Amino acid sequence: MDTHYEVAQFLYREAQLLDERRFKEWIELFTEDARYVMPVRLNREDGAAWESHSKSFDDTRQTLAIRVNRLSTEYAWAEQPPSRVRHFITNLTTEMTPDPTELVARSNELIYRSRGDATEYNIISAQRVDRLRRTDVGWRIAHRWVALDQSTLSTHNLSMFF
């Protein structure tokens with residue numbers, strides 16, 4: 001099977017798991033040494049830059065698992081009622097790395113989110129740069145870097161995954 005197609009199917013499957021709130025299955029898509037990073041965007045006259053010391057997320061697989069486990073408890077107040085979310089993954093490009101078991105996948109993501117009976121909704125766009133690693137069970141995410149297009153989000157929380 002073509003590598004680009006395999007990666008696209010992997011990322012679509014990941015989006016489906018997130019949309020269906022199957023977070024415990026989703027966390028299995030990460031390697032044990034995985035990192036999940038979302039830097040804070042700064043606005044500068046000379047273009048967008050990233051805050052070097054501040055991040056919205058800087059997780060390991062272990063801290064992602066803690067976040068996932070918390071969502072299944074009564075203490076996940078930010079997700080009461082649970083969000084209805086759709087992840088749209090587009091513009092995928094893949095690039096091999098010197099390590100034959102890894103590649104870099106760049107994609108754009110659009111997230112639609114609504115909650116309860118509210119008429120308001122959120123649309124969040126981002127670029128993702130993933131380092132994927134081929135394992136015995138298929139592709140796994142070794143590193144994810146998420147670059148939000150907005151510097152200030154209108155959403156009330158960031159309890160979703162990107």
Exercise. Within the range 134-142, is even one residue assigned to a loop (DSSP other than H, G, I, E, B) and either modelled with pLDDT under 95 or not charged (D, E, K, R) (or both)?
Worked result: yes
Exercise. Wholly within the range 3-122, which helices (runs of 4 or more DSSP H) include no fewer than the required count, namely at least 3 residues that are surrounded by 11 or more Cβ atoms within 10 Å (Cβ to Cβ), over 15 Å from the mean Cα position of the chain (by Cα) and in contact (Cβ under 8 Å) with a residue 60 or more places away in the chain?
Worked result: 3-19
Exercise. Could we say that residue 68 is closer than 19 Å to residue 153 by Cα and at pLDDT below 95 here?
Worked result: no
Seminar exercise, completed: Note: among 132, 110, just one is in contact with a Phe, Trp or Tyr (Cβ under 9 Å, 6 or more places away or on another chain) and more than 16 Å from residue 26 (Cα to Cα), namely 110
For this session: Determine, yes or no, whether residue 152 is over 22 Å from residue 39 (Cα atoms), at pLDDT below 95 and β-branched (Val, Ile, Thr).
Result: no
Problem set entry | Tally of residues being in contact (Cβ under 8 Å) with a residue 24 or more places away in the chain and aliphatic (A, V, I, L, M) across the range 123-137 | 4
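The values are calculated or read from the model by the stated rules, or taken from the named source; none is laboratory data. Remember, predicted model here, so these are calculated numbers, not experimental data. Cβ atoms come from the backbone with ideal geometry, glycine included; neighbour counts cover every protein chain shown.
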